[in-house]
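Enquirer: What follows is a structure written as structure tokens; I'll ask about it next.
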Amino acid sequence: MDRDYVIGRPLFVEAEAVLNLNGYSITNTADNQETDVIIVREGGKLTINGEGTIEAVSGTDGYAVVVRD
């Protein structure tokens, strides 16, 4: 990553992926029912490297990273 990101929808991981935080953050908004930040689906593999923050908005039942079928 090369900057902080605020996303309105979850990031879906359905294959092998590497996320290099590099001291930056990913935060979601509560504009919809999907309050998780990153959803790893069947067949997906996520590696997270480096310092940084992945944060779901507070006050909801969203997770920073979740695995779902």
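Enquirer: When ligands, DNA and RNA are left out and all protein chains stay put, how many square angstrom of accessible area per residue does the chain have with a 1.4 Å probe?
Expert: 66 Å²
Enquirer: Near the amide H of ILE54, under 5 Å away, which other amide H atoms are found, from residues 5 or more places off or on another chain, if H is placed in the peptide plane?
Expert: ILE26
Enquirer: Just to be sure I understand, if you calculate Kirkwood radius over Cα pairs in Å for this structure, which of (i) 12.2; (ii) 14.1; (iii) 11.8 do you get?
Expert: Label of the calculated value: (i).
Enquirer: Could you please state how large a percent of the accessible area of the chain is carbon and sulfur, counting protein chains only and using a 1.4 Å probe?
Expert: Carbon and sulfur: 44 percent of the exposed surface of the chain.
The values are calculated or read from the model by the stated rules, or taken from the named source; none is laboratory data. All values reported here derive from a predicted model rather than from experimental measurement. All accessible areas refer to the heavy atoms of the entire protein, side chains included, with ligands and DNA or RNA removed. Shrake-Rupley method; radii C 1.70, N 1.55, O 1.52, S 1.80 Å.
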